[in-house]
Structure formats: structure tokens, C-alpha cells
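Some notes on the structure that comes next.
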Amino acid sequence: TSAADTLEAQVDKLRDDVGRRQRKALEKHGGDQGELVALLAGATPVVGPGVKLVVDDAEGTDQGGGGPRETSGFTDTGRVRDRDLQRVVNGLWQSGAEAISINGQRLTALSAIRAAGDAILVDNRPLVPPYTVLAAGDGKPLSSAFQASADGQYLQALKDTFDIRTSMSVQQKVSLPVAPSLIVRTAEPHKAADTGSGAADTRKGTS
């Protein structure tokens, strides 16, 4: 057990180091749109105006029961399901959010929201209610656009029909952390100034 704990600590340290290096590479080599690329990849923290949306189970709902949180349909137990959070996040993106986090967990284009038994997982990290969603963007227009959207109306229906608790407020300042890890989907080999080898650029991606 001691050896496993030591190795796990080393893995965490190396993972953090890799994440820092990847973020620096995005910022340095992103070209004219380096800052935008880093923002969309979750490689840089975000501080600015936005909205705060809190979604919670219905009052009196047993947090430890009521069935699993995964569902492919409409919730009917007063418990927030993975599909509910998926719709909330997608609605915020479509309404103009520039960056989003749930309970301090930064989302990226590759983030997954799903459930495993009694827990909702965001990128395999279990979260517990209430779910605090922070979205960076133009506060009032973002809030209005979301509430008028199909996903905003879906959330209102959860509140009206099943007493899911929700609150939304415009914030002068929201702070979103960097994503805990970045996933490299494609890469190109570093090309030296002049190797003289005549090697062709294969431009093969790695995942």
C-alpha cells in the first residue's frame, strides 16, 4: 500500500507537470489566436463577468437514494440527473458562454458529463449537489438568452413539475480555474531549421 501511494503521488506530480507544459505550449505556439485556443482548451484561467446558476435536488430528496442519476429521459424523482446538467451546459454554450465550470471543474470541448450510480461525473470526477455552474460571458444577455432557450425552459419545467431547485444570477466577476488535464488529439513532430536529412513531414496525428 505504501509503494502504491508513493507511485500515485508521483503520477499526480507528473500529470501536473505535463499539464503545465501543455498550457505553456498552447499559449506560446497558438499563433495569432493563441489566447483564444488556450481559452477554448481550458488551458488558461478565466476571470470576468458572467452568470452563476445553482441546480439542486428537490427539497427533502434523499441524497443517497432515489435510483441512479443516469437517464435518457425526463427526470421524475426530484433528483438532478446527468442529462439535466448536459442540457444546462449545452444551453449556456449556445447562449454565448465563453467558459464554463461545474463545482470548480472546468469544462472543455472534450468534457464528458455522465453518471455512475448515485454520482454525476464530470470528466470522471464525482460531484455532489448542489451543482454550481459558473459561465463567463456578457452577464445579462447571457442570462436572458439561456432562460429563453429550449434548455432554459427545460430547466424551468424541472422546477415547476418536480421541484428541482434552481437559481440564476448575473455576476460582475466569476473565476474559473484551468482544466485539470489537457488531452492531445493531434500533434506534429518538431521541425528543425535545417537537418539536411530531407525527411518528409508526415503530419501524422497522435491521440
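The values are calculated or read from the model by the stated rules, or taken from the named source; none is laboratory data. This structure is a prediction, so every number in the text was calculated from the model and none was measured. Every residue, glycine as well, gets a Cβ built from its backbone with ideal geometry; the counts of neighbours run over all protein chains shown.
Here residue 158 meets the list (1) over 20 Å from the mean Cα position of the chain (by Cα); (2) in a strand (DSSP E or B) almost entirely, failing just condition (2).
Scanning region 97-115 for residues that are in a strand (DSSP E or B) and touching a helix residue (DSSP H, G or I) at 6+ places or on another chain (Cβ under 9 Å) turns up 99, 100, 102, 113, 114, 115.
For first residues located in region 93-104 and on the phi > 0 side of the Ramachandran plot, partners that are part of a helix (DSSP H, G or I) and of a type outside the set (Phe, Trp, Tyr) and lie 6+ apart or on another chain with Cβ distances below 8 Å form the pairs 96/141; 96/142; 96/145. Of all the listed residues (197, 181), the sole one being at pLDDT below 70, in contact with a helix residue (DSSP H, G or I) (Cβ under 6 Å, 6 or more places away or on another chain) and either over 24 Å from residue 136 (Cβ atoms) or of a type in the set (Ser, Thr, Tyr) (or both) is 181.
Please tell me if residue 82 is assigned by TED's automatic domain parsing to the domain that holds residue 165, of a type in the set (Asp, Glu) and modelled with pLDDT of 90 or more. Criteria met by residue 82. Once region 90-124 is narrowed to residues that are charged (D, E, K, R) and either within 20 Å of residue 153 (Cβ to Cβ) or under 11 Å from the mean Cα position of the chain (by Cα) (or both), the residue that is modelled with the highest pLDDT is 106. Scanning region 142-181 for residues that are more than 18 Å from residue 132 (Cα to Cα) and in contact (Cβ under 8 Å) with a residue 60 or more places away in the chain yields a total of 2. Looking across region 128-143 at every residue that is crowded, with 16+ Cβ neighbours inside 10 Å and either in contact with a His (Cβ under 8 Å, 6 or more places away or on another chain) or in a helix (DSSP H, G or I) (or both), the one that is modelled with the lowest pLDDT is identified as 139.
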